[in-house]
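A.B. asks: Questions regarding the structure given below will be posed in turn.
Every number in this text was worked out from the coordinates using simple rules, so none of it is lab data. Remember, predicted model here, so these are calculated numbers, not experimental data. Methodologically, a virtual Cβ is constructed for each residue, glycine included, from the backbone with ideal geometry; neighbour enumeration extends over all protein chains shown.
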Amino acid sequence: MASGIKDKVVILGMGCSKFGERWDSSPSDLMVEAFEECIADAGIERKQIEAAWFGAGIDTFNVGSSAMPLAIALRLNYIPVTKVENMCATGTEAFRGAVYAVASGACDIALALGVEKLKDTGYGGLPQRTRGVENDMYWPNLSAPGAFAQLATGYRAKHKLNKADLKRAMAHVSVKSHANGVKNPKAHLRREITEEQVLNAPYIAEPIGLFDCCGVSDGSACAIVTTPEIARSLGKDNLISVKALQLAVSNGIESSHESWDGSYLKTTRIAAQRAYDEAGVKNPKAEITMSEVHDCFSITELVTMEDLQLAEEGKAVTAVLDGTFDADGSNPCQIDGGLKCFGHPIGASGLRMIYENYLQFQGRAGARQLSDPQLGLNHNLGGFPHQNICSISIIGHYGQ
Amino acid sequence: MIGITAYGAYIPRARLNKQAIADANAWFDPSLNSLAKGERSICNWDEDSITMAVEATRDCLSALSDKTVDSLYLASTTLPFLDRQNSVVVSEALNLDNRIRTMDISASQRAATSALISLLQGNVSNNALLVASEHRRSKAGSRSEMLWGDAAATVSVGCSDVIAQYLDSETLTVDFIDHYRGEDSSFDYSWEERWIRDEGFFKIVPAAVNMLLQRASLKGSDVRHFILPTDQPRTPAALAKKLGIDTDAVVDNQIAAVGVAGVAQPILMLAKAIEAASAGDLILLIGFGQGCDAILFRVTDTAAKCAPAVGVKGALACRREEHNYNRFLSFNNLLERDIGKRAESDKQTYLSGYNRRKDLLTGFIGGKCRECGTVQIPRDKYCVNPECHALESQDDYRFADKTATVATWTADRLTFDWNPPAYFGMVEFDGGGKLMMDFTEVEEGKIDTGTKLTMHFRIKQFDTQRGFRKYFWKAAPES
């Protein structure tokens, strides 16, 4: 029986670039920016890194294929480097590769780095790209907001909500994240917004309006991981460890089988339960003290709160409007500003979320520091509600 | 006895108000105001002569008890493909047997009537289908733009359950060039209407009709339905008089409701005449273009029993008002619109991949699991039912004729669409199966979870770089 990943691997160092419209920075520049912070934080030399996992989502607009762009950008020493791509879960996948490598004993110190250059397209929003030769022939030409708007209609129909109530709760999600993002110097969007602004913004894909969408940014984030023993031998205390790493991938049920009604994320529910089991979490609401979830759109965050068991099913609207997930609520969500304010450089996001956990647990989160956070949950959702990949990581203090 | 055994019709839902055309163009040609009566049918951006042909033929098949088809002829001067048989696409979209004879007939406004004569005079065993479909382009501000419409109609020719018995026909071939469209032109070039009337209609048609009536020992006054497809509003009645036909017998070309639909017009008018006729009525159908076809039918008492799902009346009634002339120009590539960078992505169809999934893409065929009964689309190797997962266990299951319901939906304003916003969503089929698919013919505010849908073969995407267009099925709110 597998014993899971809990406390087998710790984070030795992390780095995160400034996210934003980095017109003057190439993907390599962003990688180096994240890596320099990370390796300084880890307090090791480049040659001590034995293997690396490199996450980048959209080849066409980014670095191109293979792991070489990372090896070349960081002048890695001909070590094994693996390129991973798993849609929006890509950053977490890179982290999972590095963590599993250390846990297996195959290497002592491993690097995970994610990067994405989204602002070289010449237009707003995520890049237009192929969904594969066969899918392109019959899938709707759906944008990401178009896909996630389906979740809003599905959720609303299931719980018989009126449009205005759901829209107001969605607005609160965005207002809250913007309030948090103001306090984060690395966030892309750093200004407060009002509920009125959100409600009056034009539709992008009904009922998703402009402020229901996360930003689109360039960015990179990076982690160096090792075993608790090695971290200690390198003089580290207050170790931050991996408690759970889970992934659930749709197998076609949501898109083709009647058992899914479009009102929730099946993969999130499955990955969350597995992660809680792996981390030994019995009561998520009480034990998860901070969450960074995939708020590509406000509705995604709202529904995800239920799928993560942080809100009762059908009650997320009330929980959101009651401020449960606000900075001063009982379960702060997106304390760093979330995808909403960081944007979503696909390869980087999962690692950016873990970076916030890491800072919070070390008491280094500045103006947005939470008091005594215990367990942080990070959630990514790649693809569409009806066909997606969900990754969940749980991070906390080692040995607690 | 041989003759027409069923008919079907299709008229695009969108009807462009003609005053909107005149308002936009009268600054240049004030005479357009005199034609600005009523409306004309216009293809949606995702419709063409193939998609309309599928609709009309599906309607015709709905009226046939024996749906075994012998052949499918497609007549049109606006076929999307010059070399890829368009009738085969129609046939595959309807899942007709692949041993039927298919043929495209083109190059004249007489194409449909000539094809009909050859079917009526041929050795037809089962239903021989003739579909005529037309989506003619005309220059902005032209009289044609005012007078023409888009439509399709299908008739079935056979020997049992005949609803309009074929009596006789006559053809005159004359290279009378009232208009033409050359290989390199997108638009017709035509000569003066009065000359066309006097030297064309008034001379060529009577020569054919008089020979025909004489041979059949009939008089003009015996004709109860006189069909002269033309965009000249007064010519049919004037010609009827010359032929001794009662002017009440003139079948209205519906210029103010649909517009004249080119090659489809004679077949659409024939369907309309049969729909309105009484048993024993004599129908005289004319096809005019490089000469003249004249065909005589006698309506039988079986006609009253022919009930296509839509028919001409139904097609006329299924309408949506359109007042945006600009949109019409855009749909017909008469305007170079800024469609945004998202439209720039490569639309290449990988033909080998397309060929592999043709049953899904053209036939809209999914699967039904023999082991557990689960209906699913697309059909993959393993059954999707988590309790089953049987391998290669699915029989063909056709979704094209299924009704469905909207489960989730959106109006996407970010993605590229020729008619934004792009409506799409999760569709649940009555009888099982679900699919995330494009919607078409959606009117703002008239779609929600629970809206009933029907399935329609439409253009999915244009590859303008390579001159290809791909088709797939879309869901439309039930009309």
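A.B. asks: Using 0.36 nm per residue, how much length does the chain from residue B:335 to residue B:350 gain when fully extended, once their Cα-Cα distance is taken away?
C.D. replies: 2.5 nm
A.B. asks: Nearest 500 deg cm²/dmol is fine: what mean residue ellipticity at 222 nm does chain A get from its DSSP H runs of n ≥ 4 alone, each adding -39,500 (n - 2.57), divided by its residue count? Working shown, then result.
C.D. replies: Details: 15 runs with 148 residues, N = 400.
Theoretical 222 nm ellipticity from helices: -11000 deg cm²/dmol.
A.B. asks: Ok, one more. Could you estimate the translational diffusion coefficient of region B:35-190 from the Stokes-Einstein equation, with Rh from the Kirkwood formula over C-alpha pairs, at 4 °C and 1.567 mPa s, in whole µm²/s?
C.D. replies: Values: Rh = 16.8 Å.
Answer from the Stokes-Einstein relation: 77 µm²/s.
A.B. asks: Quote the relative contact order of chain B in percent (integer), defining contacts as alpha-carbon pairs under 8 Å separated by 6+ residues.
C.D. replies: Numbers: 1134 pairs, mean separation 82.9, N = 479.
With pairs under 8 Å counted, the relative contact order is 17 percent.
A.B. asks: Here is a further query. Can you work out the FRET efficiency for the pair residue A:282 and residue A:2, with r the C-beta to C-beta distance and R0 = 22 Å, to the nearest 0.05? Walk me through the numbers on the way to the answer.
C.D. replies: Values: r = 20 Å, r/R0 = 0.89.
Once rounded, the FRET efficiency stands at 0.65.
A.B. asks: Which of B:272, A:315, A:160, B:368 comes first, and how do the rest follow, when ranked by fewest Cβ neighbours within 10 Å? It would help to have the intermediate numbers written out before the result.
C.D. replies: Details: B:272 24, A:315 14, A:160 7, B:368 21.
Least to most surrounded, the residues fall as A:160, A:315, B:368, B:272.
A.B. asks: Which whole number gives the average, over all residues in B:183-190, of C-beta atoms from other chains lying within 10 Å of the residue C-beta? Mind showing how you got there, number by number?
C.D. replies: Working: counts 0, 0, 0, 0, 0, 0, 0, 0.
Counting other chains' Cβ atoms within 10 Å and averaging over B:183-190 gives 0.
A.B. asks: Now for a different question. Between residue B:202 and residue A:238, how many nm apart are label points set 7 Å from Cα along the C-beta direction?
C.D. replies: 10.2
A.B. asks: When the Cα centres of region A:263-336 and region B:349-398 are compared, how far apart do they sit, in Å?
C.D. replies: 36
A.B. asks: Work out the mean other chain Cβ neighbour count within 10 Å for the residues of A:145-153 and drop it here as an integer. Don't jump to the answer; show the numbers that get you there.
C.D. replies: Working: counts 5, 12, 6, 1, 7, 9, 2, 2, 10.
Mean number of neighbouring Cβ atoms from other chains: 6.
A.B. asks: For residue A:200 and residue A:321 in the same chain, what is the full-extension length gain: residue separation times 0.36 nm, less their Cα-Cα distance, in nm? Mind showing how you got there, number by number?
C.D. replies: Details: separation 121, 0.36 × 121 = 43.56 nm, distance 1.82 nm.
The span from residue A:200 to residue A:321 would gain 41.7 nm if fully extended.
A.B. asks: I would also like to ask the following. Between the alpha-carbon centers of region B:458-472 and region B:107-128, tell me the distance in whole angstrom.
C.D. replies: Their Cα centres are 30 Å away from one another.
A.B. asks: Return the sequence-ordered ³J(HN,Hα) values of region B:169-176 in whole Hz as given by the Karplus equation 6.51 cos²θ - 1.76 cosθ + 1.60 applied to θ = phi - 60°, using x for Gly and Pro.
C.D. replies: 8, 9, 10, 10, 9, 9, 7, 8
A.B. asks: What is the local net charge at residue B:430, summed over the other residues whose Cβ is closer than 10 Å to its Cβ (Lys, Arg +1; Asp, Glu -1)? The partial results should precede the final answer.
C.D. replies: Details: positive: B:402, B:452; negative: B:428.
After counting each charged neighbour, the total is +1.
A.B. asks: Non-local amide H neighbours of residue A:67 (under 5 Å, H modeled in plane, Pro and chain starts lacking H): which ones?
C.D. replies: Hits under the 5 Å cutoff: A:83.
A.B. asks: Quick one: pull the percentage of alpha-carbon pairs in the protein assembly as shown with a separation above 39 Å.
C.D. replies: On the way: 189451 of 385881 pairs.
So the portion of pairs separated by more than 39 Å is 49 percent.
A.B. asks: Only sites in a loop by DSSP and with at most 16 other Cβ atoms within 10 Å count here; which chymotrypsin sites (Phe, Trp or Tyr not before Pro) in region B:271-352 make the cut?
C.D. replies: On the way: sites: B:288, B:297, B:325, B:328, B:331, B:350; in loops: B:350.
Passing both the DSSP loop test and the Cβ count: B:350.
A.B. asks: Quantify how strongly other chains surround peptide B:401-412 by giving the mean number of their Cβ atoms within 10 Å of each of its Cβ atoms. Kindly include the intermediate steps, with their values, before the conclusion.
C.D. replies: Details: counts 0, 0, 0, 0, 0, 2, 10, 16, 6, 18, 7, 15.
For peptide B:401-412, the averaged partner shielding equals 6.
A.B. asks: Which order do the peptides A:286-297, B:460-471 come out in when sorted by mean C-beta neighbours inside 10 angstrom, highest first? Please list the in-between numbers first.
C.D. replies: Details: A:286-297: 24.3, B:460-471: 15.6.
Ranked from most to least packed, the peptides come out as A:286-297, B:460-471.
A.B. asks: Just for the Cα atoms in region B:399-477, what are the lengths along the principal axes, largest first, rounded to whole Å?
C.D. replies: 39, 26, 16
A.B. asks: Quick one: which residues, 5 or more positions from residue A:13 or on another chain, have an amide H under 5 Å from its amide H? H modelled 1.01 Å from N in the peptide plane, none for Pro or chain starts.
C.D. replies: Those qualifying (amide H under 5 Å, at least 5 residues apart or on another chain) are A:224.
A.B. asks: Sticking with this structure for a sec: Work out Dmax and Rg for region A:287-378 from the C-alpha atoms and quote the Rg first, both in angstrom.
C.D. replies: 12.4, 36
A.B. asks: Among B:150-156, A:270-276, A:95-101, A:52-58, what's the highest-first ranking by average C-beta atoms within 10 angstrom per residue? All intermediate terms of the calculation are to be shown ahead of the outcome.
C.D. replies: Values: B:150-156: 32.3, A:270-276: 22.9, A:95-101: 24.6, A:52-58: 27.9.
Result, highest mean first: B:150-156, A:52-58, A:95-101, A:270-276.
A.B. asks: I'm checking a number: the convex hull volume of the Cα atoms of chain B, normalised per residue, in Å³. What is it? Could you put the intermediate results ahead of the total?
C.D. replies: Details: hull volume 71.8 nm³, N = 479.
Taking only Cα atoms, chain B has a hull volume of 150 Å³ per residue.
A.B. asks: With N set to the residue count of region A:85-190, report its C-alpha Rg divided by 2.2 N^0.38 Å to two decimal places.
C.D. replies: Details: Rg = 19.2 Å, N = 106, 2.2 N^0.38 = 12.9 Å.
Compared with the compact-globule rule of thumb, region A:85-190 sits at 1.49.
A.B. asks: Report Rg(Cα)/(2.2 N^0.38 Å) for chain A, keeping two decimals. Spell out each step's value before the answer.
C.D. replies: Details: Rg = 19.5 Å, N = 400, 2.2 N^0.38 = 21.4 Å.
Normalised Cα radius of gyration, chain A: 0.91.
A.B. asks: Then there is this: Region B:180-199 to region A:161-211: how many Å between their Cα centroids?
C.D. replies: A separation of 59 Å, based on Cα centres.
A.B. asks: Let me ask something else about it. With only alpha-carbon atoms counted, please give the Rg and Dmax of region A:1-98, in Å.
C.D. replies: Values for region A:1-98 (Cα only, Rg and Dmax): 14.1, 50 Å.
A.B. asks: What is the sum of charges around residue B:84, taking Lys and Arg as +1, Asp and Glu as -1, for the other residues whose C-beta is under 14 Å from the C-beta of residue B:84? Intermediate results must be reported in sequence, preceding the final value.
C.D. replies: Values: positive: B:358, B:466, B:469, B:470; negative: B:48, B:83, B:92, B:104, B:463.
Here the count lands on -1.
A.B. asks: Something else: In chain A, which cysteines lack any other cysteine Cβ under 4.7 Å from their own?
C.D. replies: A:16, A:88, A:107, A:213, A:214, A:296, A:333, A:341, A:390
A.B. asks: How much space per residue, in cubic angstrom, does the convex hull of the C-alpha atoms of region A:357-400 take up?
C.D. replies: On the way: hull volume 4.0 nm³, N = 44.
Enclosed volume per residue, from the Cα hull, is 92 Å³.
A.B. asks: Calculate the dipole size of chain A relative to its Cα centre from +1 charges on Lys and Arg beta carbons and -1 charges on Asp and Glu beta carbons; express the result in debye to the nearest 20. Write down the numbers at each step before the final one.
C.D. replies: Details: 37 positive and 46 negative charges, 24 e Å.
Computed charge dipole of chain A: roughly 120 debye.
A.B. asks: Another question about this same structure. Roughly what would the spin-label model give for residue B:221 and residue A:108, points 7 Å off Cα along C-beta, in nm?
C.D. replies: Distance between the two pseudo-spin positions: 11.5 nm.
A.B. asks: Would you mind counting up the charge near residue A:101? Only other residues with Cβ under 12 Å from its Cβ, with Lys and Arg at +1 and Asp and Glu at -1.
C.D. replies: Values: positive: A:8, A:96; negative: A:50, A:108.
Summing Lys/Arg as +1 and Asp/Glu as -1 gives 0.
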